[in-house]
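Here the structure is laid out as structure tokens; the discussion comes afterwards.
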Amino acid sequence: MFLSTLTTSVRILAWLLLLTLFVFITFGFALNSGSIDVGWGRLWQILAGNGGGMEQQLVMELRFPRALSAFATGGLLALAGALLQVLLRNPLADPYVLGVSGGAAVAALLAMLFGITGWWFSASAFVGALFTVVLVFGLAHGRGSWSDTRLLLVGVIVASGWGALITFILATAPDQDLRGMLFWLMGDLSNAGEPLPALLVLVAGVIFVVPVARSLNVMARGELQAAALGVEVGRLRLTIYVSASLFTATAVTLAGSVGFVGLVVPHLLRLLLGNDHRLLLPAAVLLGGGLLVLADTLARTVIAPQQLPVGVLTALLGVPVFLYLLQRSR
């Protein structure tokens, strides 16, 4: 028993160290790449505090905050996706399936139409996301208890309603606003705000959800079995739903609707690492964050000086890898 526990702990630590190294590599690539190549030696001097001039401003004031925003967004979406796939017991569940991004998008597009920018724009998107959370949970609960099936159905219907409103706004918006709206809907980090609040939410989320990983392992096998083994299923379901919704709302507020990450990253990790959520949850944060940092770097450098929506790059990078690993697993 002791040797088995020790082996599991070593395995978890080894994978987390490997994924942490991947994150450091993607950050180095992000800080070094762009219209001006800083160089690895010069980059190390800047990070060590020995740099100066325009290159230091470029790295520390532009590229580093954007890389932090990308990591926070990817980590939050991957963590939310891993939680929702357990809650709904549906492999197609992603952070946007319950309509949270739709509510944020409607509020954000209306803010763009009225010329709202800066902090108020982010606040509008966040309020729209939280309104959707309350709406979906209230409708799913109704006058009795709520189930994962009822929650999923209500979320899909509300998301469809938001989608219709988004189409209406795009169809009636002035031409000069359409490009910015479309970029936001596809995910855009070029105008991301201060990354610190999202990073704090991410760190707090990991600290909060990792201790319940054992309960998630049991719940993934079925609610009846989880209840028989002493898991408070109702309380755990509510915790997962609220946490995943908050993570999604924070990510959407920061970077818009970045697709793919929350759906595929948990699947990739399950194919590689198994279904132990003690490893899966922190690994999802690291892989999701590192993947989005890499995708955002490519989005701003592939056809520079023009930039692509980062959501396009996440799909182009992840879909082939996922299909390859899925084929191997068969």
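The values are calculated or read from the model by the stated rules, or taken from the named source; none is laboratory data. None of the values given here were measured: they were computed from a predicted structure. Cβ sites come from the backbone with ideal geometry, for glycine too, and all protein chains shown count toward neighbours.
Structure data summary
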{"read-out": "Unmet requirement for R89, which otherwise passes all of (1) farther than 25 Å from V265 by Cα; (2) assigned to a loop (DSSP other than H, G, I, E, B); (3) of a type outside the set (S, T, Y)", "value": "(1)"}
{"read-out": "Top-ranked residue in the stretch 158-186 [being closer than 23 Å to V97 by Cβ and more than 23 Å from the chain's Cα centre (by Cα); ranked as surrounded by the most Cβ atoms within 10 Å (Cβ to Cβ)]", "value": "I169"}
{"read-out": "Count of residues meeting criterion [surrounded by fewer than 24 Cβ atoms within 10 Å (Cβ to Cβ) and within 15 Å of V158 (Cα to Cα)] in the stretch 108-137", "value": "6"}
{"read-out": "Of all residues in the stretch 187-198 being buried (at least 18 other Cβ atoms within 10 Å of the Cβ) and hydrophobic (A, V, I, L, M, F, W, C), the one that is modelled with the lowest pLDDT", "value": "A192"}
{"read-out": "Residue in the stretch 32-55 that is within 19 Å of the chain's Cα centre (by Cα) and more than 24 Å from V212 (Cα to Cα) present", "value": "no"}
{"read-out": "Any hit, the stretch 56-74, residues being closer than 30 Å to D276 by Cβ and acidic (D, E)", "value": "no"}
{"read-out": "Test: L263 is modelled with pLDDT under 90 and touching a helix residue (DSSP H, G or I) at 6+ places or on another chain (Cβ under 7 Å)", "value": "yes"}
{"read-out": "Leading residue by the ranking (surrounded by the most Cβ atoms within 10 Å (Cβ to Cβ)) among those in the stretch 38-48 that are of a type in the set (A, V, I, L, M, F, W, C) and more than 20 Å from A304 (Cβ to Cβ)", "value": "I46"}
{"read-out": "Failed item, numbered, when W15 is tested on (1) at pLDDT 80 or above; (2) within 16 Å of V293 (Cβ to Cβ)", "value": "(2)"}
{"read-out": "R143, sole failed condition from (1) part of a helix (DSSP H, G or I); (2) at pLDDT below 85", "value": "(1)"}
{"read-out": "Residue in the stretch 41-59 that is assigned to a helix (DSSP H, G or I) and of a type in the set (K, R) present", "value": "yes"}
{"read-out": "Cross-chain or 6+ apart pairs with Cβ under 8 Å, the stretch 139-155 first and among the small types (G, A, S), then at pLDDT 70 or above and not in a helix (DSSP H, G or I)", "value": "G155/V97; G155/L98; G155/G99"}
{"read-out": "Among the candidates G115, G161, residue that is of a type in the set (G, A, S) and modelled with pLDDT of 85 or more", "value": "G161"}
{"read-out": "Qualifying residue in the stretch 19-37 (condition: free of Cβ contacts under 8 Å to residues at least 60 places away in the same chain, assigned to a loop (DSSP other than H, G, I, E, B) and surrounded by fewer than 17 Cβ atoms within 10 Å (Cβ to Cβ))", "value": "yes"}
{"read-out": "Candidates L254, L236, filtered to the one that is surrounded by fewer than 24 Cβ atoms within 10 Å (Cβ to Cβ), touching a helix residue (DSSP H, G or I) at 6+ places or on another chain (Cβ under 7 Å) and either more than 23 Å from L87 (Cα to Cα) or aliphatic (A, V, I, L, M) (or both)", "value": "L236"}
{"read-out": "Some residue of the stretch 92-107 being without any contact (Cβ under 8 Å) to a residue 40 or more places away in the chain, in a helix (DSSP H, G or I) and within 17 Å of A251 (Cβ to Cβ)", "value": "yes"}
